[in-house]
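The values are calculated or read from the model by the stated rules, or taken from the named source; none is laboratory data. Computed from a prediction, not measured in an experiment: that's the story for all the values here. For the accessible areas, the whole protein counts, side chains as well, though only heavy atoms, and no ligand, DNA or RNA atoms are used. Shrake-Rupley method; radii C 1.70, N 1.55, O 1.52, S 1.80 Å.
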Amino acid sequence: MNPSEKLQELFLKFPGIGPKQAARFVYFLMREKNNYKQDLARNIEALKDSSNICEKCLRVFSKYNNQKDSSICDICANSMRDKKSLMIVVKELDIDAIEKTKFYNGKYFVLGNLLPFLTEKPSEVINIRELVNLIHNDLQKEEKTENLEEIIFALPATDEGENTINYLKKTLAQIVGIENVRMSTLARGLSSGLDIEYVDKNTFKEAFEHRG
Ligand SMILES: [Zn+2]
């Protein structure tokens, strides 16, 4: 396989990229000046050492945004954030969109995917084990005043979104001590079918205030 074929194969792994687009990227790079290619290669190389996955919320974050070299992201490490609310999202872009609204001050958890119907091994598709551990450990904490009080599902209002929420509710219900934790879902209404990453401030505010 020559470098252009190899690159095409690598671009195919990008989210939402098909063979035509992957080939277009390769032709683009072949035409670009060498310093552009060097710059791109150098920054991809640097990304290796500068990104980390938060061990609490599983969000990918850039270490340059954090003061210290940490395995926990700035949201999880921030003591001003409300520890009583945990919002479940699919991906980092959803967190970025919600943070931009400045309307939510709790914690997050990145599920990684939605659960398709009839999935045989959900733990291979979504981060369910990590979520159960996170909530279990939280409920075991000595400091009861800081315990989790609400889990908010911020997933798209699609059939797969519904399927995922049903599975999560059923699975999380087995955690000892979960009875005192409210489980809510963002209100649908206007945002029906909307991907959370495109949510604007007013839509999010509406959906959040009318969650149930
Ligand atoms: Zn985190």
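Heavy-atom accessible area with a 1.4 Å probe sorts Glu142, Glu179, largest first, into Glu142, Glu179. Once backbone amide H atoms are built at 1.01 Å from N, Arg182 has Glu150, Ile151 as its partners under 5 Å, excluding neighbours fewer than 5 places away on the same chain. Sorted from longest to shortest, the spans of the Cα atoms of the chain along the three principal axes equal 59, 40, 37 Å.
Partners of Lys63 within straight-line reach, counting lysines whose Cα lies under 17 Å from its Cα and excluding those fewer than 8 residues away in the same chain: Lys48.
Accessible area ranking (1.4 Å probe, heavy atoms, ligands and nucleic acids excluded), largest first, for Leu12, Leu155: Leu12, Leu155. At q = 0.09, 0.24 Å⁻¹, what is the base-10 log of I(q)/I(0) for the range 93-196 according to the Debye formula with one equal point scatterer per Cα and no solvent? Please give it to two decimals. At q = 0.09, 0.24 Å⁻¹ the computed log10 ratios are -0.24, -1.50. Counted over the chain, the DSSP beta bridges are approximately 20% antiparallel. Annotation: Tyr167 carries an accessible surface of approximately 50 Å², with a 1.4 Å probe and no ligand, DNA or RNA atoms counted. To put it simply, the accessible area of the chain at a 1.4 Å probe is 51 percent carbon and sulfur. Helix 19-31 axis versus longest C-alpha principal axis of the chain: approximately 50°, rounded to the nearest ten.
Solvent exposure of the range 79-209 amounts to 55 Å² per residue of accessible area, where only protein heavy atoms count and the probe is 1.4 Å. Ignoring aspartates and glutamates fewer than eight residues from Lys107 along the same chain, the ones with Cα atoms less than 16 angstrom from its Cα are Glu55, Asp74, Asp82, Glu92, Asp94, Asp96, Glu99, Glu130, Asp138, Glu146, Glu149, Glu150.
Between helix 92-101 and the chain there is an angle of about 60 degrees, using the helix long axis and the longest principal axis of the Cα atoms. Going by accessible surface with a 1.4 Å probe and the largest first, Asp96, Asp49 read Asp49, Asp96. Given a 1.4 Å probe and the protein chains as shown, Arg182 ends up with an accessible area of around 110 Å².
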